[in-house]
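Encoded as structure tokens, the structure appears first; notes follow it.
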Amino acid sequence: MGSCGTRPAAAFPGEGHTKLVASSKSAPSQSLSQNDGPSLLSIFHEDIMLTILSFVADVPFELKDGTRDPIDTHSTLTHVLPHVSKQFHKLCSEHDHYWKNALLRLVKDDPYLWEEGLKRLIFESECNALREAINDRNKARVRRGKRTKTIHSQSDELDSVQNTSSDVQGNEPDSRVVLSAGNNPEPSKGEQLVHKGCQALETYPPRHHTASSSGIYQCLYQTILNSHIRFQAPVFYMPTSVQLGSPYGLHFFEPRYRLLISDCMRSFPVSARRGEEIKPCVPGLSPSSNNITTVSQNAEVQSLLENNKDIMKEHYLPTFIHAHQSPLRRNTPACIVQVRHCIIQPDGSADVFLQPVSYIWIEEIWERPGTGSLYEARGIRMPKDESEKYEMWCVMSRYGRGDGRGWAQMLPIP
């Protein structure tokens with residue numbers, strides 16, 4: 001009995017357990033309350049954070065490390081950084097200078113695609129402005145009638161002089177950019193092109209453009225990608241060897257390819273389908289167009305087309321896709337070809353003379369309904385260095401040598 005006095009008192013059932021649970025719950029709450037404070041990244045100013053992220057903020061189709069799918073659209077700016085934290089998501093969505101810097105890098109590193117895309121966008125904006133000016137003047141001439149014919153002709157000449165001076169000013173570098181820079185160096189060629197591209201995009205937004213929170217530089221990137229880097233056209237499928245700049249002839253006799261050449265030549269004059277020289281054609285601005293009725297209008301059109309003849313020769317001739325590699329699926333290389341001469345027979349068959357102008361990777365391909373198995377595809381243009389590597393591979397594979405180690409160990413398609 002005496003020994004019982006020395007034993008500790010028994011705790012109430014569940015009492016010690018309750019205290020233990022309470023203490024175990026209080027410890028995590030204290031650690032969480034400590035972690036709820038400001039993050040380590042919050043000590044940096046927002047400008048410093050933007051500068052840090054700019055070193056890893058690449059955009060789609062910018063990195064070419066050889067391990068990615070050539071038509072992979074993933075990038076750190078669009079698929080990685082916005083998902084790191086709310087702060088990163090806010091910085092990537094509210095600041096557009098990442099896209100501006102990416103455009104400048106792309107124009108500098110790959111002018112074959114991106115500089116050409118900017119020039120094409122600016123040219124199309126100038127065409128739209130001239131087309132609208134001509135239509136407005138023609139409508140005003142109809143409203144004024146014959147009694148004001150003399151006065152209107154004088155105003156037309158004055159408008160043409162003003163438009164010519166404005167075109168000259170538009171072709172020169174923006175003086176406001178240079179003056180605002182003060183002692184800073186003059187903007188580079190890429191900066192001037194990006195600036196003009198933004199002005200063209202603001203004046204004439206792309207078709208089917210919807211309002212969004214994207215900045216002007218992101219919209220400019222998307223416009224160049226969708227209207228120039230991506231290419232969509234009907235497909236002629238015949239495995240063979242082609243080379244950029246080396247023309248070749250074909251005879252179309254299948255019904256689906258008769259439809260293909262008919263669609264390609266639809267917007268060109270009838271003479272182009274009879275074997276005569278095919279000239280670049282801009283819709284609504286052809287010298288033989290019905291809406292060009294005065295000498296001054298014809299002079300303006302001729303001046304604009306003459307100053308951009310390289311762009312017209314590259315992008316305003318009838319084109320389609322020649323799928324010269326098999327199988328016909330995603331990631332397979334193909335070639336954009338221009339129709340230089342065409343003779344369409346009464347039965348629809350055609351003899352064409354083609355010139356390859358650019359390689360693409362097929363991104364998507366589908367069959368047009370009701371066309372007898374005529375396929376249409378959308379692809380991504382190859383950069384210049386990738387095109388050269390691909391041509392070298394084609395030459396090696398033609399003789400079964402691959403990279404010099406034999407057919408079995410030939411290097412894969414770039």
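The values are calculated or read from the model by the stated rules, or taken from the named source; none is laboratory data. Everything quoted here is computed from the prediction, not taken from an experiment. Neighbour counts are summed over all protein chains in view; Cβ atoms, including those assigned to glycine, are modelled from backbone coordinates with ideal geometry. Heavy atoms of the whole protein, side chains included, go into the accessibility calculation; ligands, DNA and RNA do not. Shrake-Rupley method; radii C 1.70, N 1.55, O 1.52, S 1.80 Å.
On inspection, GLU376 qualifies as at pLDDT 90 or above, open to solvent by less than 50 Å² (accessible area, probe 1.4 Å) and not hydroxyl-bearing (Ser, Thr, Tyr).
Could you tell me which of the residues GLU126, GLU116, GLU62 is on the phi < 0 side of the Ramachandran plot, in contact with a helix residue (DSSP H, G or I) (Cβ under 9 Å, 6 or more places away or on another chain) and in a loop (DSSP other than H, G, I, E, B)? So the residue among GLU126, GLU116, GLU62 that is on the phi < 0 side of the Ramachandran plot, in contact with a helix residue (DSSP H, G or I) (Cβ under 9 Å, 6 or more places away or on another chain) and in a loop (DSSP other than H, G, I, E, B) is GLU62. The set of residues from the range 320-340 being surrounded by fewer than 18 Cβ atoms within 10 Å (Cβ to Cβ) and either closer than 24 Å to ALA272 by Cβ or under 24 Å from the mean Cα position of the chain (by Cα) (or both) comprises LEU328, ARG329, ARG330, ASN331, ARG340.
Note on the range 88-109: residues that are open to solvent by 70 Å² or more (accessible area, probe 1.4 Å) and of a type in the set (S, T, N, Q) amount to 0.
The residues in the range 362-397 that are more than 24 Å from the chain's Cα centre (by Cα) and in a helix (DSSP H, G or I) can be counted, and the count is 6.
Restricting to the range 295-316, what's the tally of residues that are over 17 Å from LYS119 (Cα atoms), open to solvent by 10 Å² or more (accessible area, probe 1.4 Å) and not acidic (Asp, Glu)? So that I can check it myself, show each step before the final result.
Looking only at the range 295-316, we keep the residues that are over 17 Å from LYS119 (Cα atoms), and these are 295-302.
Filter again for open to solvent by 10 Å² or more (accessible area, probe 1.4 Å), leaving 295-296, 298-300, 302.
Retained after the next criterion (residues that are not acidic (Asp, Glu)): 295-296, 298-299, 302.
Matching residues across the range 295-316 total 5.
Taken residue by residue, the range 268-276 has at least one member that is of a type in the set (Gly, Ala, Ser) and surrounded by 14 or more Cβ atoms within 10 Å (Cβ to Cβ). Among the residues of the range 175-229, those that are modelled with pLDDT of 90 or more and hydroxyl-bearing (Ser, Thr, Tyr) comprise TYR217, TYR221, THR223, SER227.
Within the range 315-345, the set of residues being more than 27 Å from PRO70 (Cα to Cα) and charged (D, E, K, R) comprises just one member, ARG340. Quick check on the range 75-88. Is at least one of its residues in contact (Cβ under 8 Å) with a residue 40 or more places away in the chain and assigned to a helix (DSSP H, G or I)? Scanning the range 75-88 turns up at least one residue that is in contact (Cβ under 8 Å) with a residue 40 or more places away in the chain and assigned to a helix (DSSP H, G or I).
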